[in-house]
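Peer 1: The structure follows.
The values are calculated or read from the model by the stated rules, or taken from the named source; none is laboratory data. The structure presented is a predicted model; accordingly, all values stated were derived computationally and were not measured. When we count neighbours, we look across all protein chains shown, and the Cβ atoms used for this are built from the backbone with ideal geometry, even at glycine. To get the accessible areas, we keep the full protein, side chains included, count just its heavy atoms, and leave off ligands, DNA and RNA. Shrake-Rupley method; radii C 1.70, N 1.55, O 1.52, S 1.80 Å.
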Amino acid sequence: MTGGGPVLSVQATHSGIDPYAERVAASPVRFLHRLSPIAKLAAPLPAMLLLVVVRDLATPLAFIALSYAVVLVGASVTRRVVAVLVAVPLAAVVIGLGFSIWTDASRVDQSIVVWQLGGWTMYGGALAVGLATGLRIAAIASLALIVGLSTTGPDLVRASVQQLRVPYRIGYTALAALRFVPRFGHELDVIRQAHRVRAAHGGRGPFAAIARWSGYVIPLLAGAIRHAERVALAMDARAFGAHRDRTERHLVPWRARDTVFTVAFVAASAAIFWALFPWGLG
């Protein structure tokens with residue numbers, strides 16, 4: 001609650017990504033929404049760790065294809081999901097080109113010349129190193145999308161507390177801190193509207209923008225302090241942290257389908273590594 005009333009879920013959604021949002025209703029075919037967040041986190045984790053030490057192009061591409069297939073089949077496909085799925089390959093290309101430019105040319109000057117610009121030369125070896133790095137980052141990010149696009153923040157915290165035995169004092173405190181993000185977005189919108197009504201800090205250009213944003217800082221900070229005090233009082237009133245354990249209103253159990261998904265995904269990951277064996281020791 002604030003002086004202007006509570007933040008409605010609709011308002012929070014419009015102000016940005018709400019980590020406290022409720023689960024989205026999904027078709028029974030979208031199986032990812034019915035799995036435990038811990039299963040969706042644990043299944044791709046071994047592949048994400050091994051991809052850090054992979055240097056070829058085929059293995060990251062295979063894991064990008066696998067993660068995209070799982071997300072497109074198992075998760076609800078919204079505009080935001082499509083935007084994320086399109087942005088990841090584009091980011092991989094940009095990152096790959098960036099790393100290609102920064103690669104030491106003296107180590108790859110035996111490879112083919114891709115293009116020359118004055119005294120600067122882009123070699124094929126540098127391009128391969130850069131693209132491999134970009135694809136590796138994209139593959140790790142794509143695997144993270146499996147849990148990121150089908151899990152809400154509250155479910156992840158509840159599963160961590162109930163299944164991983166994370167102390168509830170840490171889990172629910174972190175969740176309360178995450179809840180500040182949409183709250184700050186809403187309060188920033190209110191402050192900007194108030195300044196606009198009063199015609200404060202108008203004008204264009206960088207100096208006007210700096211003056212305008214500096215005027216937002218103090219009221220936003222004051223609102224954050226007030227909200228933090230209210231959250232602390234509310235948690236104290238509910239005896240938060242007074243006991244070692246607490247009962248849960250929403251249970252996130254580990255079911256047989258979670259075990260099946262985890263074993264199947266780990267087996268698919270092992271099959272990809274076995275088939276491509278990117279370390280060249282075979």
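Peer 1: Give me the 1.4 Å probe accessible area per residue for region 159-238, excluding ligands and nucleic acids, in Å².
Peer 2: 66 Å²
Peer 1: Give me the accessible area of Ser160, 1.4 Å probe, in Å² rounded to the nearest 10.
Peer 2: Counting only protein heavy atoms, Ser160 exposes about 20 Å² to solvent.
Peer 1: Compute the helix-to-body angle for 58-74: its Cα long axis versus the longest principal axis of the chain, expressed 0 to 90° and rounded to tens.
Peer 2: 40 degrees
Peer 1: Can you check what the Kirkwood hydrodynamic radius comes to for the chain, Cα pairs only, in Å to one decimal?
Peer 2: 22.7 Å
Peer 1: Oh, and also: Of the candidates Gly153, Gly223, Gly171, which one comes out as most mobile in a Gaussian network treatment of the chain with C-alpha springs shorter than 10 Å?
Peer 2: Greatest mean-square fluctuation among the candidates belongs to Gly223.
Peer 1: Just by accessible area at a 1.4 angstrom probe, what is the order of Tyr172, Tyr216 from largest to smallest?
Peer 2: Ranked list, largest accessible area first: Tyr172, Tyr216.
Peer 1: To one decimal place, what orientation-averaged projected area in nm² is obtained for the convex hull of the Cα set of region 35-151?
Peer 2: 8.1 nm²
Peer 1: Let me ask something else about it. For His250, tell me the accessible area in Å² from a 1.4 Å probe, rounded to the nearest 10.
Peer 2: 90 Å²
Peer 1: Could I ask something else about it? Normalising by the residue count of region 35-151, find the relative contact order in percent from Cα pairs under 8 Å and 6+ residues apart.
Peer 2: Relative contact order here is 42 percent.
Peer 1: Mind checking the alpha-carbon convex hull of region 125-245 and giving the volume per residue in Å³?
Peer 2: That works out to 182 Å³ per residue.
Peer 1: Please report, in cubic angstrom per residue, the volume enclosed by the convex hull of the alpha-carbon atoms of region 176-227.
Peer 2: 75 Å³
Peer 1: Order the following by accessible area, largest value first: Val263, Val88. Probe radius 1.4 Å; ligands, DNA and RNA are ignored.
Peer 2: So, going from the largest accessible area down, we get Val263, Val88.
Peer 1: Can you sort Arg204, Arg244, Arg136, Arg169 by 1.4 Å-probe accessible area, starting with the largest?
Peer 2: Arg204, Arg244, Arg169, Arg136
Peer 1: Net charge around Phe273, counting only other residues with Cβ within less than 15 Å of its Cβ (Lys, Arg = +1; Asp, Glu = -1)?
Peer 2: After counting each charged neighbour, the total is +1.
Peer 1: Now, a different point. Would you work out what percent of the accessible area of the chain, with all protein chains in place, is carbon or sulfur (probe 1.4 Å)?
Peer 2: 68 percent
Peer 1: Could you work out the relative contact order of region 159-238? I mean the mean sequence separation of Cα pairs under 8 Å and 6+ apart, divided by the number of residues, in percent.
Peer 2: Once divided by the residue count of region 159-238, the mean separation gives 23 percent.
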